[in-house]
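One structure is given here, and the rest of the page talks about it.
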Amino acid sequence: MRLYDSMTQEKKDFVPRDGDHVTMYFCGPTVYNYVHIGNARPYVVSMVAKRYFESLGYRVTLVENITDIDDRIINKGNAEGRDYREVAKQFADAYREDTSRLGLGRPDVEPLATEHIQEIIDLIAGLVAEGHAYQAGPDVYFDVDSWGEYGKLSKQQVAEMRHGARIDVGDDKADPLDFALWKGAKPGEPAWDSPWGQGRPGWHIECSAMSLKYLGAGFDIHGGGRDLIFPHHENEIAQSEAAGKPFARFWMHNGMLNLSSEKMSKSVGNIRTLRSILDKHRPEALIAAFLGSHYRSPLEFSEDLLEETEQQVDRLRNVFRGLADRAAGAPAGAALTAADQAVLDKLAARHTAFDEALADDLNTAAALAEVFGVAREVNAALAAGELSAAGAAAVRTELTGVIHVLGLDAVAGTEDEIPAEVVAMAEERRAARAARDFAKSDALRDAIAEAGYEVRDVPDGFKIIRTR
Ligand SMILES: [Zn+2]
């Protein structure tokens with residue numbers, strides 16, 4: 001696999017540090033509000049990258065932090081008369097809930113900054129001891145001048161950066177480029193004990209401390225939005241490497257989401273949260289909208305785009321339904337026909353192209369085009385009656401594996417497609433059973449079976465399973 005590295009600004013062969021184990025860290029959200037659709041992009045990119053590496057046979061550890069201490073969280077708490085912890089918990093829970101609705105699974109570790117204060121203090125203390133950081137008043141700053149490689153990720157010269165920088169009122173730092181590692185406590189703000197007095201960590205240092213803790217020095221991939229390159233990632237590198245820890249081997253930055261399209265901007269304000277979009281659109285449509293552009297490209301995001309991808313995933317879903325219908329009752333071990341084999345050959349060629357696309361810097365746009373291409377071909381074969389039951393089953397199995405890598409599993413499933421009338425019959429059957437009217441309950445069970453479903457009784461109700 002070749003992966004673009006923002007540090008060297010070229011695609012390089014990706015070989016993990018630890019044999020078959022891939023180590024990844026992505027910057028997660030600061031939880032002071034519902035997660036914005038723009039923050040969902042790095043989440044989707046990281047989860048799909050994880051799936052892709054897993055499909056290659058790697059074991060993956062993906063760490064995605066949650067910043068639960070920050071000015072914006074404290075300010076929101078103060079404005080609403082609530083403890084900052086309550087604000088952070090509310091929106092961290094909401095973030096996990098909203099992103100889980102995408103059906104992509106979770107990162108392996110989701111560390112909270114406030115649970116890593118000791119690791120942060122240890123890292124800062126090391127930097128102070130080595131002369132890369134200094135205390136000024138109640139704060140501790142990183143000394144940019146002490147580390148000669150500052151600017152290497154964002155490709156900026158220190159002299160030029162210093163020209164544009166300024167020192168805010170109340171800051172005691174020696175150089176406008178120096179950045180806070182530890183912020184002395186202000187009245188009414190949360191604070192922890194430290195060798196430099198009461199205070200709280202700066203934002204950048206938490207990502208160095210947590211990535212190094214969970215993944216070790218020289219881990220494979222550090223990701224996040226392009227907007228984090230400077231100063232956040234530049235600072236993470238400076239702190240970590242000045243502390244003697246080689247940092248990430250690859251920097252993976254996703255392009256920004258552009259929401260300026262007319263239709264989106266005219267719509268209600270809260271449409272821009274992930275939550276509000278998932279209330280209106282299927283998760284698969286949103287995933288396809290993200291994956292339809294290369295992760296490094298800017299993405300023009302709009303209601304039109306979502307409507308288009310919704311149609312695409314619906315067509316894909318229909319192909320799976322057609323295959324399931326055709327495959328129903330396929331005799332075990334039945335031989336494939338020549339026509340089946342022709343469709344499977346086309347699918348294999350598409351699969352090869354799909355693999356090549358993903359191996360080329362995770363080109364999900366090209367990979368997704370192969371999926372939609374194969375869907376058209378399979379649809380045509382189904383319409384022409386070219387697939388035998390065994391052939392349809394084989395195609396379905398193959399295609400299910402392909403879409404899993406892109407996190408589109410839901411289009412192959414049928415659990416959320418149970419028709420309302422079937423659910424109504426199941427409800428009626430439950431009522432009949434409760435009333436001990438077994439003749440009626442049996443008749444309803446038969447009618448449900450007739451419709452292609454099986455109702456099973458489970459401890460707190462029933463479960464409906466599609467049987468064909
Ligand atoms: Zn970060």
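Read-outs throughout are calculated quantities, based only on the coordinates presented, and are distinct from any laboratory measurement. Just so you know, these numbers come straight off a predicted model, no measurement behind them. Ideal geometry is used to build each Cβ from the backbone, glycine not excepted, and the neighbour counts take in all protein chains shown.
Using only alpha carbons, build the gyration tensor for the stretch 1-123 and give me the equivalent ellipsoid semi-axes, biggest first, whole Å.
Each semi-axis is √(5λ); the values are 31, 17, 13 Å.
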With θ taken as phi - 60° and the coefficients 6.51, -1.76 and 1.60, list the Karplus ³J(HN,Hα) couplings across the stretch 283-300 in order, rounded to whole Hz; mark glycine and proline as x. x, 5, 5, 5, 4, 5, 5, 5, 6, x, 10, 4, 4, 7, 7, x, 10, 7
Each label point is 7 Å from the Cα along the Cα-to-Cβ direction; what then is the distance between the points at Arg2 and Ile465, in nm? 4.7 nm
Check each of the GluC sites (Glu not before Pro) in the stretch 92-174 and keep only those in coil by DSSP with at most 16 other C-beta atoms within 10 angstrom; list them in order. Glu130, Glu149
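Share of antiparallel DSSP beta bridges in the chain, in percent to the nearest 5? Could the numbers behind the result be given before it?
Working: 23 of 43 bridges.
Around 55 percent antiparallel, to the nearest 5.
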Bin width 10 Å, origin at 0, all Cα-Cα pairs of the stretch 241-365: what percent of pairs per bin? 10, 26, 26, 21, 12, 3, 1
Using a Förster distance of 30 Å, how high is the FRET efficiency between Thr352 and Asp20, based on the Cβ-Cβ distance and rounded to 0.05? 0.85
Scaled to the compact-protein estimate 2.2 N^0.38 Å, what is the alpha-carbon radius of gyration of the stretch 418-466, rounded to two decimal places? 1.00
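Calculate, for Ala136 and Ala366, the FRET efficiency according to 1/(1 + (r/R0)^6) with r their C-beta to C-beta distance and R0 51 Å; round to the nearest 0.05. Present the calculation step by step, with values, prior to reporting the outcome.
Numbers: r = 51 Å, r/R0 = 1.00.
The value I calculate is 0.50.
Do any of Lys89/Lys183; Lys12/Lys173; Lys76/Lys155; Lys50/Lys463; Lys152/Lys213 go past 29 Å between their Cα atoms, and which?
On the way: Lys89/Lys183 22 Å; Lys12/Lys173 39 Å; Lys76/Lys155 35 Å; Lys50/Lys463 32 Å; Lys152/Lys213 24 Å.
The answer is Lys12/Lys173; Lys76/Lys155; Lys50/Lys463.
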Could you list log10 I(q)/I(0) for the chain at q = 0.13 Å⁻¹, which the Debye formula gives when each Cα is one point scatterer? -1.22
Can you list the aspartates and glutamates whose alpha carbon sits under 14 Å from that of Lys346, skipping same-chain ones fewer than 8 residues off? Glu370, Glu377, Glu386, Glu398
Treat each spin label as a single point 7 Å out from the Cα along the C-beta direction, and report the Leu259 to Arg296 distance in nm. 2.7 nm
Any idea what angle helix 303-327 forms with the longest principal axis of the chain, computed on alpha-carbon atoms, 0 to 90 degrees, nearest 10? 40 degrees
Need one number: nm distance between label points at Ala384 and Asp83, each 7 Å from Cα along Cα→Cβ, rounded to one decimal. 6.8 nm
Whole-Hz Karplus ³J(HN,Hα) for the stretch 86-93, in order, using 6.51 cos²θ - 1.76 cosθ + 1.60 and θ = phi - 60°, x for Gly and Pro? 5, 4, 4, 5, 4, 7, 5, 4
Which three extents, in whole angstrom, do the alpha-carbon atoms of the stretch 298-411 cover along their principal axes, largest first? 48, 28, 21
Report D for the stretch 302-346 in µm² per second (integer): Stokes-Einstein, Kirkwood Rh on Cα pairs, 37 °C, 0.692 mPa s. 254 µm²/s
Rounded if a/c under 1.5, otherwise prolate or oblate - the stretch 2-258, Cα gyration tensor axes: oblate
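For the stretch 312-468, what relative contact order do you get, as a whole percent, if you take Cα pairs closer than 8 Å and at least 6 residues apart?
Details: 162 pairs, mean separation 39.4, N = 157.
Relative contact order comes out at 25 percent.
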For Phe438 and Glu97, calculate 0.36 nm times their separation in residues minus their Cα-Cα distance, and state this gained length in nm to one decimal. 118.7 nm
